[in-house]
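Inspection log for the structure reproduced underneath, given as structure tokens.
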4 protein chains.
Amino acid sequence: MSIRPGDVALLVVRGKKFLVTIKEGATFHTHKGYIRYDDIIGKPWGIVAKTNMDVEVLVLRPTTADIMEKLGRKTQIIYPKDAGFIIIKSGILPGFRVLEAGSGSGSLTIALSRAVGPSGTVYSYEKEEKFLKIARRNVNRFGLGNVIFHHGDIRDGVDERDIDAVFLDLPDPWNALRVVHEAMRPGAVLTIFVPSYEQIKKACMALKESGFSDPEIHEILIRRIECNEERTRPATRMIGHTGFVIFTRKILADY
Amino acid sequence: MSIRPGDVALLVVRGKKFLVTIKEGATFHTHKGYIRYDDIIGKPWGIVAKTNMDVEVLVLRPTTADIMEKLGRKTQIIYPKDAGFIIIKSGILPGFRVLEAGSGSGSLTIALSRAVGPSGTVYSYEKEEKFLKIARRNVNRFGLGNVIFHHGDIRDGVDERDIDAVFLDLPDPWNALRVVHEAMRPGAVLTIFVPSYEQIKKACMALKESGFSDPEIHEILIRRIECNEERTRPATRMIGHTGFVIFTRKILADY
Amino acid sequence: MSIRPGDVALLVVRGKKFLVTIKEGATFHTHKGYIRYDDIIGKPWGIVAKTNMDVEVLVLRPTTADIMEKLGRKTQIIYPKDAGFIIIKSGILPGFRVLEAGSGSGSLTIALSRAVGPSGTVYSYEKEEKFLKIARRNVNRFGLGNVIFHHGDIRDGVDERDIDAVFLDLPDPWNALRVVHEAMRPGAVLTIFVPSYEQIKKACMALKESGFSDPEIHEILIRRIECNEERTRPATRMIGHTGFVIFTRKILADY
Amino acid sequence: MSIRPGDVALLVVRGKKFLVTIKEGATFHTHKGYIRYDDIIGKPWGIVAKTNMDVEVLVLRPTTADIMEKLGRKTQIIYPKDAGFIIIKSGILPGFRVLEAGSGSGSLTIALSRAVGPSGTVYSYEKEEKFLKIARRNVNRFGLGNVIFHHGDIRDGVDERDIDAVFLDLPDPWNALRVVHEAMRPGAVLTIFVPSYEQIKKACMALKESGFSDPEIHEILIRRIECNEERTRPATRMIGHTGFVIFTRKILADY
């Protein structure tokens, strides 16, 4: 497959990454010269283009992680390290119908959308119009047609039923448990993402009384390693905390 | 959907997890009594069954992480924390054609198979017949029809071309670079998993000379948090190291 | 200085460490033969002795960390990683008068005793007679003459005044704040060690109302690295959590 | 004890820390007003002074960690988390004669000086005159009379013998092993601090051939926890890597 107008590309210039939409007649400027999109349209992904100042520009299709990382520049996001773990712990498969609240910047929405694929659906609730707009724009940019946004507070109820997996990134997830329990198929995984210990405690205590199984709680740390001819070593700085991930299942206790 | 004979179920008894295949007429024994599979066949997933000693047994469909964790009891595996990150960093989508070597216990094979779905394919190379047999059995147990196993050394070449993502879990990944470069579509992600620093160094040095982009190297740590009425705290023991994950892209330098 | 009867020695046999008291006429047995103490008495520390089966035994004076680690085999202890940080964050110097509660196994007592030296004093309160006995025996074994044990509950008050640093390892440190505040010199550091988040919260909230400065809270993780001819890598297993360390200062707000 | 001219004080203004030398007639300026040193001279440590704009200034005697952290603003330093562990693993006691190379900014020199006290001595070698000057000035500022600086390359030999503990923070510690082995008493601990894996490997291989015991290698991570009325959580950012700490002992193999 070759690069076409409208595609979102990841351009890598001397280690710096840029997420751009390819447009005919347009130009991408760096501090080391520019490239014309017309010069790369029709060429294969993976090429190393050159700016007019002869600096290399790697032209790539963005991965899920690339997209998430770039969206994170502007708003708080779920990080790839957490999103990957969430998807694999939730048992998400192509075709799944997944529910999330809130949408935030749409970062996890995009990860979920890509994971469930065209045969699946992501229902994303967001009560802040400002965020909804950002999330919708981000999702549309990548041409993801399987996301349905709802402007509203998930705590007021949802129409969906038999949902295969739910993800909550709310300040007070315990207030949404009744609603999501009703929307989920039995046995489905509910994931809750919270930054503080007070929230862990309150969420876990509420889960026990709301028809969910004993939760598992994890935190994931990621450290970058630097490697060159002279030395291999962990990077000096790292993110010390994003949030804690709580996994639980809807159970049918008195079936 | 309800529980059927032949399904693989995750049974949770007092926090302990068991991966079992549901069989008509058969019985599951715990140290706290037994349940008859006939009593749960036809019932919905997510039910809380009871043993003859009245101990609760949660009956769940296993997630990708559940499957991986249980396979890990017998052989060294890629962990869910690493597999989730690999899938999201590789840009794997439903429908992708993915190549891996070696198959090992089939733990990552299963995660990749589930991620690419029925419209995708996983090509898995394993040179040790012993491992191939284990991996094949594990994959078959979950009815995953999109995996093609090859008994052979990936370093001797592969037939596949235009592969969308490659994963190498080999002691000497640098010796497979020429082969996988040829098999990959330009821009595709190659992931290398190695436990030691010597291997990071050797792999990264070889990548630079083999038509791949500057690698990114990460390690992922996961810590469990315990929460009950009295206290919330990180667990005393954790896994300190599984391996380092190296990501790189096939590039077309002189296109 | 040479090895003398009554000295405590660290014997290292094929990577395994043993803390023994050198006795004339006695013998140290390993699974690889024995050594007679008489054969090493009078010899310098650091020698490599040999068992009757010709296996090497390294004879060392134990460091503070060696002592702490060996005591930890039987009871819960403060680990060297935490003790070292505590001493350096508390500003402990030779000659300091330090207060601790509870004594526990005497592990931190020994570390503090060694840090303040013969010109300093450690006052150690323990309400459980069982622990007091263990702590006293451990301290005496190393001939540390600068420790004064008190059998009693620190919450009931202490006689000491103008204490240079205080360490609390209690389930409810907030109940000892009034007592230790009175015992401390102004500006002195109070260290609190707690395993759970609920305790962090409760301690920190209480500190603010008890004449202490805004606390600093840390957790310390330690990971072992393995290195041999073939490979260098982090160890597979590590301790994920011992406790959180809270540092604060007695302040004179209305002076 | 009260605050005197010439003392080094740690001033804490709204969470920010300043290391200042108290001078008669001088003034300390913050962005929130100033305090006159004359107003605090003679008063006890631990007081809460106020600027002319009524902002609180906590006046404290700096701990070892406070000193190290402030020195670190200008040059690369050994961190308190590492220094504390080093002291406790080295078995350093008041009265010890300790050798270090290089001096760097004098950060660890100060920690060692404080740990061995007036009855001990720190011999500190530094070949770069620029660093020697910085280290000497930092040590002098705290009135530490037990440090002897040497301008020179430790690899060229040292005069000291029967040294109780050695610390090496050099790019090529393996080149100093012969010299320090000769300077150490048998059984003494040698600590090596290196940032990269290549250095771990090279150092450990050299130790085995230089009369030292099998090394132990560790890395220490520290994470800050934030706690206020609303929430308790790990800090977002942390230092991901400072260096690896290698411990070994001089042994007498053929005694």
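The values are calculated or read from the model by the stated rules, or taken from the named source; none is laboratory data. It should be emphasised that the depicted structure is a prediction, and the values quoted were computed from it without experimental measurement. Glycine also receives a Cβ, built like all others from the backbone with ideal geometry; neighbour counts cover every protein chain displayed.
Could you check how many residues of the stretch B:158-192 are in a strand (DSSP E or B) and of a type in the set (Val, Ile, Thr)?
So the answer is 5.
Cβ-Cβ under 8 Å, sequence separation 6+ or interchain: first residue in the stretch B:208-231 and under 17 Å from A:LYS81 (Cα atoms) and away from chain C (no Cβ under 14 Å), partner charged (D, E, K, R) and part of a strand (DSSP E or B). Which pairs?
Taking only residues 6 or more apart or on different chains, the pairs are B:GLU216/A:ARG224.
If you go through the stretch A:135-153, how many residues are polar (S, T, N, Q) and out of contact with any Leu (no Cβ under 7 Å at 6 or more places or on another chain)?
Of the residues in that region, 2 qualify.
Quick check, is C:ARG185 under 18 Å from C:ASP164 (Cα atoms) and either out of contact with any Lys or Arg (no Cβ under 7 Å at 6 or more places or on another chain) or among the acidic types (Asp, Glu) (or both)?
Yes: the conditions hold for C:ARG185.
Out of (1) of a type in the set (D, E, K, R); (2) farther than 22 Å from C:LEU144 by Cα; (3) crowded, with 19+ Cβ neighbours inside 10 Å, what's the single condition that is false for C:ARG61?
(2)
Of all the residues that make up the stretch D:51-79, how many are in contact (Cβ under 8 Å) with a residue 12 or more places away in the chain and either more than 11 Å from every other protein chain (Cβ to nearest Cβ) or aliphatic (A, V, I, L, M) (or both)?
Residues meeting the conditions: 19.
Of all residues in the stretch D:89-120 being hydrophobic (A, V, I, L, M, F, W, C) and in a loop (DSSP other than H, G, I, E, B), which is surrounded by the most Cβ atoms within 10 Å (Cβ to Cβ)?
Only one residue tops the list, namely D:ILE92.
So is C:ALA26 touching a helix residue (DSSP H, G or I) at 6+ places or on another chain (Cβ under 8 Å), without any contact (Cβ under 8 Å) to a residue 40 or more places away in the chain and within 18 Å of D:ILE251 (Cβ to Cβ) or not?
no
Here are some conditions: (1) within 26 Å of A:GLY117 (Cβ to Cβ); (2) crowded, with 20+ Cβ neighbours inside 10 Å. A:HIS151 meets all but one. Which one does it not meet?
With (1) within 26 Å of A:GLY117 (Cβ to Cβ); (2) crowded, with 20+ Cβ neighbours inside 10 Å applied to A:HIS151, the lone miss is (2).
I'd like to check which strands (runs of 3 or more DSSP E) are fully inside the stretch D:202-255 and have at least 1 residues that are surrounded by 20 or more Cβ atoms within 10 Å (Cβ to Cβ) and modelled with pLDDT of 95 or more.
D:216-227, D:232-234, D:244-249
Just wondering, is there one or more residues in the stretch A:188-201 that are of a type in the set (Lys, Arg), without any contact (Cβ under 8 Å) to a residue 60 or more places away in the chain and farther than 25 Å from D:GLU229 by Cβ?
No; the residues of the stretch A:188-201 include none that is of a type in the set (Lys, Arg), without any contact (Cβ under 8 Å) to a residue 60 or more places away in the chain and farther than 25 Å from D:GLU229 by Cβ.
In the stretch C:1-12, what residues are modelled with pLDDT under 95 and touching a Lys or Arg at 6+ places or on another chain (Cβ under 7 Å)?
Selection gives C:SER2 alone.
Look at B:ASP39 and say whether it is touching a Gly at 6+ places or on another chain (Cβ under 8 Å), within 14 Å of chain A (Cβ to nearest Cβ), among the acidic types (Asp, Glu) and farther than 16 Å from B:VAL147 by Cα.
It is false that B:ASP39 is touching a Gly at 6+ places or on another chain (Cβ under 8 Å), within 14 Å of chain A (Cβ to nearest Cβ), among the acidic types (Asp, Glu) and farther than 16 Å from B:VAL147 by Cα.
So which residues in the stretch A:64-76 are among the β-branched types (Val, Ile, Thr) and surrounded by fewer than 22 Cβ atoms within 10 Å (Cβ to Cβ)?
Hit for the stretch A:64-76 is A:THR75, nothing else.
Take the residues in the stretch C:158-178 that are surrounded by fewer than 18 Cβ atoms within 10 Å (Cβ to Cβ), out of contact with any Phe, Trp or Tyr (no Cβ under 9 Å at 6 or more places or on another chain) and closer than 25 Å to C:GLY95 by Cβ, then tell me which one is farthest from the other protein chains (Cβ to nearest Cβ).
C:ARG161
Check whether at least one residue in the stretch C:110-131 is more than 27 Å from D:MET68 (Cα to Cα), in contact with a His (Cβ under 6 Å, 6 or more places away or on another chain), more than 7 Å from chain D (Cβ to nearest Cβ) and at pLDDT 95 or above, and report yes or no.
yes
With respect to the numbered conditions (1) under 16 Å from the mean Cα position of the chain (by Cα); (2) surrounded by 20 or more Cβ atoms within 10 Å (Cβ to Cβ), which one is the sole condition not fulfilled by D:GLY145?
Of (1) under 16 Å from the mean Cα position of the chain (by Cα); (2) surrounded by 20 or more Cβ atoms within 10 Å (Cβ to Cβ), only one is false for D:GLY145: (2).
Every residue in the stretch B:80-109 that is basic (Lys, Arg) and facing chain A (nearest Cβ under 7 Å), please.
Residues satisfying the conditions are B:LYS81, B:LYS89.
Checking the condition crowded, with 21+ Cβ neighbours inside 10 Å, aromatic (Phe, Trp, Tyr) and over 30 Å from B:GLY152 (Cα atoms), which residue from B:PHE28, B:PHE85 passes?
B:PHE28
Looking at (1) outside any helix (DSSP H, G or I); (2) modelled with pLDDT of 95 or more; (3) at the interface with another protein chain (Cβ under 9 Å from one of its Cβ atoms), which is the one condition that is false for C:GLN199?
So the condition that C:GLN199 fails would be (1).
Which residues, counting only those in the stretch C:115-140, are touching a Pro at 6+ places or on another chain (Cβ under 8 Å) and either among the charged types (D, E, K, R) or at negative phi (or both)?
Of everything in the stretch C:115-140, those that are touching a Pro at 6+ places or on another chain (Cβ under 8 Å) and either among the charged types (D, E, K, R) or at negative phi (or both) turn out to be C:ALA115, C:VAL116, C:PRO118, C:SER119, C:GLY120.
Which condition number in (1) at the interface with another protein chain (Cβ under 10 Å from one of its Cβ atoms); (2) surrounded by fewer than 24 Cβ atoms within 10 Å (Cβ to Cβ); (3) touching a residue at least 60 places away in the same chain (Cβ under 8 Å) is the one that B:HIS181 fails?
So the condition that B:HIS181 fails would be (1).
Does the stretch B:39-53 include one or more residues that are at pLDDT 95 or above, among the polar types (S, T, N, Q) and under 30 Å from B:LYS130 (Cα atoms)?
No.
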